[in-house]
Amino acid sequence: MSPSSAPAALLSLLDTVHLIEPVIRAHSAQAERERRLPDAVANTMRESGLYRLWRPRAFGGLEVDPMTAFQVFEEVSRIDSAAGWNLWASCNFDTVGPWFDDEGAKEIFGQPGALLAGSWFPSRRAEPVDGGYRVTGQTPFASGADQAQWIIGLMKYL
């Protein structure tokens, strides 16, 4: 797709990526050294709205189509693969929103700046207790967990 035929939304998002590129590049070595996305990069991507690519408009998201989002993920990854991976991983969890009831979805996805992280496997154990559930288990790795407001994962109910 030539730049002149790209949708305006994509061009705007790619312009945003190019504007924050210096911040991503400046922290690339730190990300590699510390094996985590630096807060400065996560905060810059949050403030730029990139973490809201797949968030529904009803929750302040951009609700872009998959191909537009993939092109943004690719462009961020071209600058720094760790930043691109973390952006994709967080946005990916927005796709589970329909699994939640309205109240739960609003609590999680209604925070415009909320970053999500998680891991599907292994599943954790959820045991009913007074007032909710006690969740136990371990997740060996969850990209972006350091900056996330919500951790999403599979549960095995007892």
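Points to keep in mind about this one:
- Accessible surface, per residue, of the chain when the full set of protein chains is kept, probe 1.4 Å, Å²: 58 Å²
- Accessible surface of the chain [probe 1.4 Å, protein heavy atoms]: carbon and sulfur percent: 55 percent
- Among 133-140, 26-33, the peptide with the highest mean count of other Cβ atoms within 10 Å heads the list, and the full ranking is 26-33, 133-140.
- Candidates 99, 31, 141 compared by Cα position along the dipole of the chain: farthest toward the positive end lies 141, with charges placed on Cβ.
- Of the residues 115, 89, 155, the one whose Cα sits farthest toward the positive end of the charge dipole of the chain, with +1 on the Cβ of Lys and Arg and -1 on the Cβ of Asp and Glu, is 155.
- Binning the alpha carbon pair distances of the chain at 5 angstrom intervals from zero yields the distribution 2, 9, 17, 19, 19, 14, 10, 6, 3, 1, 0, 0, expressed in whole percent.
- Rounded to 5, the percent of DSSP beta bridges in the chain classed as antiparallel: 40 percent
The values are calculated or read from the model by the stated rules, or taken from the named source; none is laboratory data. Worth saying up front: this structure is predicted, and the values here are computed from it rather than measured. Neighbour counts are summed over all protein chains in view; Cβ atoms, including those assigned to glycine, are modelled from backbone coordinates with ideal geometry. The protein model used for the area step is the full one, side chains on, heavy atoms only, and it has no ligands, DNA or RNA in it. Shrake-Rupley method; radii C 1.70, N 1.55, O 1.52, S 1.80 Å.
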